[in-house]
Amino acid sequence: MIDLYYWTTPNGHKITIFLEETGLPFNVKPINIGKGDQFDAAFLRISPNNRIPAIVDHAPVDGGEPIALFESGAILLYLADKTGRFIAPSLRGRNDCLQWLFWQMGGLGPMAGQNHHFARYAPEKIPYAIDRYVNETGRLYAVMDRRLADREYLAVEYSIADMASYPWVQPERHGQDIGEFPHLARWKAAIAARPAVQRAYALALTINTIPSVSDEQSRKVLFGQSKDTVR
């Protein structure tokens, strides 16, 4: 059994997609990031970066003590190795998948996140910042579109690289016209049609339907952190 510390964000959806795809049994432990649940001492012992998602696997394959993990990419890789699914077993196939997983973690996620912040949440609309991140998100969409021009998925086959990237492709929030990226649009529609993906997003609606940034208090919780928050 896996305990999933989760909230209804793109990074949270990555893990529920994987768990729904594989049928691994899991318990959802909601962490309401707009109310500050991520600063609870018990959660920080599992996720010292005070971010979701995180997991505790009570049945690791080595038969030892439960394993706790934070960081969505690390969790996806761990679960793929645990199940032997959604990552190619060959040297070349595995690394093809990993490079696109890390691309999402280091590029698409952070840049789209800054796009969200400056376009939707920042108290002051700064044209330079908005243009910077809208343009960079568009560049990353174009990278994916080019990659998908001659293949169905980002790697050799449907994999954790696709699961990581899919929740972050939100053209309506990113100031992008999906019609400019036909291969990406085809990929997005195909993944959205997967029953496991639909179950993952349906699960999210049973946990939360309110945006994480919904009032001044949640804005302060999410965007008011500093070194003093950690200390």
Task: Built amide H within the under 5 Å cut-off of F26, gap 5+ - done: I2
Open item on the list: If you restrict to DSSP beta bridges whose two residues both lie in the chain, what percentage is antiparallel, to the nearest 5?
Closed with: 60 percent
TODO: Pick out, from I67, N27, G175, the residue whose Cα sits farthest towards the positive end of the charge dipole of the chain, with +1 on the Cβ of Lys and Arg and -1 on the Cβ of Asp and Glu.
DONE: G175
- [ ] Taking the Cβ of each residue in F39, F70 as the centre, tally the other Cβ atoms inside 10 Å and list the residues starting with the fewest.
- [x] F39, F70
- [ ] Using just the helices of the chain, give the 222 nm mean residue ellipticity in deg cm²/dmol: DSSP H runs with n ≥ 4 each add -39,500 (n - 2.57), and the total is spread over all residues, rounded to 500.
- [x] -15000 deg cm²/dmol
Open item on the list: Students often check this: by mean Cβ neighbours within 10 Å, which of 22-28, 204-210 ranks highest, and how do the rest follow?
Closed with: 22-28, 204-210
- [ ] Could you line up E124, E136 from fewest to most neighbouring Cβ atoms inside 10 Å?
- [x] E124, E136
- [ ] Note the count of lysine pairs whose C-alpha atoms are less than 24 angstrom apart in the chain, limited to pairs 8 or more residues apart or on different chains.
- [x] 9
Task: For the chain, size of Cβ-based charge dipole, Lys and Arg +1, Asp and Glu -1, in debye - done: 220 debye
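Coordinate-derived values only; no laboratory data. Just so it is clear, the model here is predicted, and its values are computed rather than measured. All Cβ positions, glycine included, derive from the backbone under ideal geometry; neighbour counts span all protein chains shown.
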